[in-house]
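Have a look at the structure below, then the notes.
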Amino acid sequence: MTVNSYSPIIKKIAAWIDYEKCRPKSDYVTNCQEHDEFRMKNDLDCVLLNGDLNADTIFSLWIPLRLALVRINGYSELNKYGNINNKIAFLEAISNEQTIARLLPKSNETVNKLLKLFDLGQEKCNVMSLKERRMQSRGGKPYYDYMPYFLFECFDNGAFSRCFTGNCDLIEWIIQQNLNMFFEGEISKDNIKDLSGSGDLTKGIPQNLDYLLDNYITILEQRKRLID
């Protein structure tokens, strides 16, 4: 599959900006229903799973985008558009196709892989239904949505193991969610694939970004075939 335009990236950037600007600004604890209803109708994960609030992205698209931008351009060039750590303001500054094309030239093979990931990454194959909503903390420190680390912590005495009655329950959920391809052979803690090539399941930042992108694309293509 080849993606010939920047539309997958531009579409996702627009969605990130729109969601942040339109989401309820009230406190979640006291206005949870308002927040949940907005998420059900506007968060792509929930929409793709028919309003399931347990829905969650499998592979974050922001992290690969950020890595590609930094590695291709360097911080000095990116700082002309703002602070990349101020995600929404930075995305607003680069959201037009001309700027995206300048920062992410298609002559760079990494960019073509990134476009393919963004195309697949906004489909149902990049969404799972978590066992419990509290597992959505996987998006923050120290997991940062890196699936091998998350799955590792679901086994035995890991940080997310309390969401399952045991490894049998976990394995049943993995099979139900079509996550088998994250394992080399039998589904077990020792067989989780190292998708970043770091040699450490707790480290999702790759030395070789193409290696990570290739692994992410392969897994999403496998899931797409299973769920279509």
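Side notes on the structure shown:
- Residue under evaluation Ser95, criteria (1) open to solvent by less than 40 Å² (accessible area, probe 1.4 Å); (2) more than 20 Å from Glu109 (Cβ to Cβ); (3) not β-branched (Val, Ile, Thr), criterion not met: (1)
- Inter-residue pairs, beta-carbon under 9 Å, first open to solvent by 30 Å² or more (accessible area, probe 1.4 Å) and in region 124-142, second of a type in the set (A, V, I, L, M), 6+ apart: Lys124/Leu48; Lys124/Leu49; Lys124/Ile227; Lys131/Leu170; Arg133/Leu53; Gln136/Leu130; Ser137/Ala159
- One residue from Ile100, Ile88 being in a helix (DSSP H, G or I), in contact with a helix residue (DSSP H, G or I) (Cβ under 7 Å, 6 or more places away or on another chain), open to solvent by 10 Å² or more (accessible area, probe 1.4 Å) and of a type in the set (A, V, I, L, M): Ile88
- The listed residues are Asn73, Asn79, Asn42, Asn54, and the only one of them that is over 27 Å from Trp173 (Cβ atoms), touching a helix residue (DSSP H, G or I) at 6+ places or on another chain (Cβ under 8 Å) and either at pLDDT 95 or above or open to solvent by less than 30 Å² (accessible area, probe 1.4 Å) (or both) turns out to be Asn73.
- Test: residue in region 24-36 that is in contact with an Asp or Glu (Cβ under 7 Å, 6 or more places away or on another chain), open to solvent by 30 Å² or more (accessible area, probe 1.4 Å) and touching a residue at least 40 places away in the same chain (Cβ under 8 Å): no
- Number of the condition not met by Ala68 [criteria: (1) within 22 Å of Asn215 (Cα to Cα); (2) in contact (Cβ under 8 Å) with a residue 40 or more places away in the chain; (3) open to solvent by 20 Å² or more (accessible area, probe 1.4 Å)]: (3)
The values are calculated or read from the model by the stated rules, or taken from the named source; none is laboratory data. Note that the structure is predicted; figures quoted are calculated from it, not measured. Here Cβ is always computed from backbone atoms with ideal geometry, including for glycine, and neighbour counts include all displayed protein chains. We work out accessible area using only protein heavy atoms, side chains counted, and drop any ligands, DNA or RNA first. Shrake-Rupley method; radii C 1.70, N 1.55, O 1.52, S 1.80 Å.
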